[in-house]
1. So Gly37 clears everything in (1) touching an Asp or Glu at 6+ places or on another chain (Cβ under 9 Å); (2) within 21 Å of Ala158 (Cβ to Cβ); (3) among the small types (Gly, Ala, Ser) except one condition, right? Which one?
2. When segment 87-106 is examined, which residues are found to be crowded, with 20+ Cβ neighbours inside 10 Å and within 17 Å of the chain's Cα centre (by Cα)?
3. State the number of residues belonging to segment 155-211 that are among the hydrophobic types (A, V, I, L, M, F, W, C) and touching a residue at least 60 places away in the same chain (Cβ under 8 Å).
4. Do we have Arg126 as touching a helix residue (DSSP H, G or I) at 6+ places or on another chain (Cβ under 9 Å), crowded, with 19+ Cβ neighbours inside 10 Å, charged (D, E, K, R) and under 30 Å from Leu75 (Cα atoms) here?
5. I want to confirm something. Restricting to segment 1-21 and keeping residues that are more than 15 Å from Leu154 (Cα to Cα) and touching a Gly at 6+ places or on another chain (Cβ under 9 Å), which single residue is surrounded by the fewest Cβ atoms within 10 Å (Cβ to Cβ)?
6. Does segment 171-184 include one or more residues that are of a type in the set (D, E, K, R), at pLDDT 95 or above and assigned to a helix (DSSP H, G or I)?
7. State yes or no: is Leu154 at pLDDT below 95 and not charged (D, E, K, R)?
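The values are calculated or read from the model by the stated rules, or taken from the named source; none is laboratory data. Since the structure is predicted, the reported quantities are computational estimates derived from the model, not experimental observations. All Cβ positions, glycine included, derive from the backbone under ideal geometry; neighbour counts span all protein chains shown.
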Amino acid sequence: MTFQVALIATDGIILGSDRKLAIRSPEPGGHVQFTEGDKIVFSRDKSVICGFAGGPQAQNIADTIVCCSDPDQSLEEWRNSLAGIAGKVSGNSLNDEVLVIRKGILDLVLVNRTQKAATAVSITDRICTGVLATARFLTQHFWRPDPAELLKQLALLALNYAAEERPTEVGFGFDLIVVNEGPVLRDTYYPEDNRIVKIREEFKAAVRGAL
């Protein structure tokens, strides 16, 4: 459950996530309830931002990274430290994925952990995490180094189509942030938000016209 997208723009980094959370009651075979919630977390000064997806420890790993990582390190030290921080989080992981953005010297890293083994890979263009929706096709083929205002539309298209394709796992609206030299601001888009409908219908019309 969860679909997230991150895009490198010419003037910042975009991070988008759906808002559908699953809460399982603690008893064995417990009932699952769905609720709306945040899947993007921030350090207190917003110098580190994490989006989490995947297995049971993803949120714990994201919370630990925003709490314990040091964004004042050199870029190489910073990247190398993230896997170590993730590996020390208690509990076993099942393909936990955390997108980590450092604000000062802009950087995007994918931290992945399975069981207790963690890796950290620098992302230089675009990536999707979470469910394997074919909506990933959109970022795979239409990303290019454009300004954030243009790439926000691509991120919203990918999120929207992932929710349409996998409604039992993705949905309840989306959060979208742009990280650059200015303040980090979050936009929340609820299902069938007019801004998303407009982008989606324009995209559909363009594709139909091309065919």
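1. Unmet condition: (1).
2. Asp96, Glu97, Val98, Leu99, Val100, Ile101, Arg102, Lys103
3. 14
4. yes
5. Once the filter is applied, the top-ranked residue is Leu21.
6. no
7. Taking the combined requirement at face value, the residue does not satisfy it.
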